[in-house]
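Engineer: Have a look at the structure that comes next, please.
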Amino acid sequence: MASSASAAVSSARASASAAASSASARASEFEASVDAATQRRSAAAEKELKDVKGRGNALSEVAMTGMPRAQTGGVLAVLVTITNKTRSAASYAVQIDFENAAGKVVETRYVGAEHLQPGKKEQPIAFSRQPPEPKLTPVLAKAQRY
C-alpha cells in the first residue's frame with residue numbers, strides 16, 4: 001500500500017511539473033507574441049511619423065503619465081494614453097523623446113494605436129532603455145492621427 005501511495009505521489013508530482021512546464025511555455029509564447037506586436041506597432045508609428053512636419057495633428061488626443069520605477073523594475077517608463085476624440089475609427093502614431101537635463105534628446109521611442117474606435121482609448125507604455133542615471137525627462141514630441 002505504501003508503495004502504491006508513493007507511486008501516486010510521484011505521478012502527481014510529474015503531472016504537476018509537466019503542467020507547470022506547459023504553462024511556462026505558453027507564457028513565453030504569449031510574451032513573444034506581445035513583444036512582436038509591440039515591435040510591429042512601434043515600427044509602424046515610426047514610419048508614419050517620418051514625414052510629419054511639426055508636432056502632428058493629434059497632440060490633444062494624447063497624454064502621458066510617468067510610472068513608478070518600483071513597478072517597472074527600475075526602468076524609466078511612461079504610460080501613454082491615446083483617446084480617439086473623432087467620430088470615426090483612426091490609428092495613431094506617437095513619438096516620445098527622452099531628454100537629459102540640458103534638453104538634448106538621448107533616446108526616442110514610438111508607440112501607437114491602430115483602428116481605435118471613436119471615444120475609445122489605448123494605453124501603450126514607452127520604455128527607456130537608458131540607465132537610471134543621468135535622469136531623463138520624457139517629452140511628447142509628436143502625435144499623428146491617420
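The values are calculated or read from the model by the stated rules, or taken from the named source; none is laboratory data. As the structure is a prediction and not an experimental result, all values here were calculated from the model. Ideal geometry is used to build each Cβ from the backbone, glycine not excepted, and the neighbour counts take in all protein chains shown. With ligands, DNA and RNA removed, areas are computed over all heavy atoms of the protein, side chains included. Shrake-Rupley method; radii C 1.70, N 1.55, O 1.52, S 1.80 Å.
Engineer: With a 1.4 Å probe and every protein chain kept in, tell me what percent of the accessible surface of the stretch 55-146 is carbon plus sulfur.
Structural biologist: Looking at the stretch 55-146 in its full context, I get 53 percent from C and S.
Engineer: For ASP97, what charge total do you get from the other residues with a beta carbon under 14 Å from its beta carbon, if Lys and Arg give +1 and Asp and Glu give -1?
Structural biologist: Local net charge: +2.
Engineer: Another question, if that's okay. Can you compute the modelled spin-label distance between ALA63 and ALA101, with each label point 7 Å from Cα toward Cβ, in nm?
Structural biologist: In this crude label model, ALA63 to ALA101 measures out at 3.1 nm.
Engineer: Same structure, new question: Tell me the net charge near ARG109. Cut-off is 13 Å between Cβ atoms, ARG109 excluded, with +1 for each Lys or Arg and -1 for each Asp or Glu.
Structural biologist: Once all neighbours under 13 Å are counted, the net charge is -1.
Engineer: Let me ask something additional. Give the separation of the Cα centroids, the stretch 57-77 to the stretch 105-146, in Å.
Structural biologist: First find each Cα centre; the distance between them is then 7 Å.
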